[in-house]
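The values are calculated or read from the model by the stated rules, or taken from the named source; none is laboratory data. Just so it is clear, the model here is predicted, and its values are computed rather than measured. Here Cβ is always computed from backbone atoms with ideal geometry, including for glycine, and neighbour counts include all displayed protein chains. Calculation scope for accessible area: heavy atoms of the full protein, side chains included, ligands and nucleic acids excluded. Shrake-Rupley method; radii C 1.70, N 1.55, O 1.52, S 1.80 Å.
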Amino acid sequence: MKKTANDLAIFGGTPAFVEKLHVGRPNIGDRGRLLERFNQILDTRWLTNDGPFVREFEQRVADLVGVQHCIAMSNGTVALEIAIRALEMKGEVIVPSFTFIATAHALQWQGITPIFCDIDPRTQTLDPDKVESLITPQTSAIIGVHTWGQPCDIDALSEIAGRHGLKLLFDSAAALGCSYKGRMIGGFGDAEMFSFHATKIVNSLEGGAVVTNDPGLARKVGLMRNFGFTGYDKTDHIGTNGKLNEVSAAMGLTNMESLDEFVAANRCNYQMYRKELGGIEGVSLFPFNEEESCNYQYVVLQIDEGKTIVTRDQLVEILHAENVLARRYFYPGCHRMEPYKSLCPNAYVLLTETERVAAQVMTLPTGHVITPEIIRVICDIIGSAFENAGEIRRMLAKKPVGQ
């Protein structure tokens, strides 16, 4: 128990954990089954170029989310870039600033201007009313991001996109296994993108995918991920190398087989955090709609420093000293990172909710390696930090910079 400020590791106390606890340690699944697949790959020597494990992985993802086409990629960013190019986006595209920087970079990399839109503070996803106000003759598309796996207001964004003749793409990097009004994320808009990065609920070491019900778009995306080849000596389209390899697909398949187990562990952790932190004023846990399917991949705290006195950044610093590697997420917002900070220095004026939320949210460790006892200790540290908030603020103010 950390009862006083002096008990905290940041002020010389013993760290609560010997090993560092990361926000998301990779899921592995059945190690034996994974090694069987690796051995099969080595035996056949089919390492890449649309092998059997890639095709099986694509089918498993398509079946899970209920779409006709899944095109696996080397990573989520490449998947996003190829989807953007295949949808022929140009000019300006409306995106949230409260997202991972890859969402904006995938546009800017291709000479398309990301127009940053504010978020709905309840869902922390695109605010449809704000989207409508940003549409100009140069707007070609909207990219919605399912932040934390929380779906955007898909109906509203679809209506806006349809009325204005805009393409609609969803960055669903963190939303595999989540649903919107009873329908799995994956089949909305013109296309969606998933990430299978090592920290995602299903990982393929590195990986991503574009999913769609449009056969023409699927064919185009498939060509573009393989240099545009339609035969040994023929290309029909400009392309790049975005292929997923067989080893990554084997990892993805093994993870898929344990998806229910991973989600169950995340759900238990989320409910445990909610119980343990429920009585702390100024601390709120991002709420998931438990009537929908959800992967509970993130445990997100929002800190109101007007009530807690200790700020979000100070709490992160306190937890890091205890070897709890809590993280600020999507901070400080894409609009405050380069090159966007220089290209549009006044973007923050229209992003009041983005600014506020980016300064308040943080994520805590979860996943199947995090036990109820670990969660109790983490929450005890957080509780102690806020109970001793005044003293901690004074002690931090006296602490030499860099210590």
Q. So which residues in the range 306-329 are open to solvent by less than 10 Å² (accessible area, probe 1.4 Å) and more than 15 Å from residue 11 (Cβ to Cβ), if there are any at all?
A. 308, 312, 324, 326
Q | Residue check, residue 179 surrounded by fewer than 23 Cβ atoms within 10 Å (Cβ to Cβ), hydroxyl-bearing (Ser, Thr, Tyr) and under 22 Å from residue 208 (Cβ atoms) | A | yes
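Output the residue which, of all residues in the range 182-199 that are among the aliphatic types (A, V, I, L, M) and crowded, with 24+ Cβ neighbours inside 10 Å, is nearest to the chain's Cα centre (by Cα).
193
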Q) Taking the range 350-381 as the search range and keeping residues that are over 23 Å from the mean Cα position of the chain (by Cα) and among the acidic types (Asp, Glu), which one is surrounded by the fewest Cβ atoms within 10 Å (Cβ to Cβ)? A) 373
Q: Go through 264, 250 for me and flag whichever is within 19 Å of residue 196 (Cα to Cα) and free of Cβ contacts under 8 Å to residues at least 12 places away in the same chain.
A: 264
Q.
For the range 284-298, give me the residue count where each residue is farther than 10 Å from residue 361 by Cα and not in a loop (DSSP other than H, G, I, E, B).
A. 0
Q: Report, by residue number, each residue of the range 200-258 that is buried (at least 19 other Cβ atoms within 10 Å of the Cβ) and of a type in the set (D, E, K, R).
A: 200, 206, 220, 225, 243, 246
Q. Does any residue in the range 45-59 that is aliphatic (A, V, I, L, M) come within less than 7 Å, Cβ to Cβ, of a residue that is buried (at least 16 other Cβ atoms within 10 Å of the Cβ) six or more places away or on a different chain, and which pairs are these?
A. 47/41; 47/245; 47/246; 54/72; 54/244; 54/246; 54/249
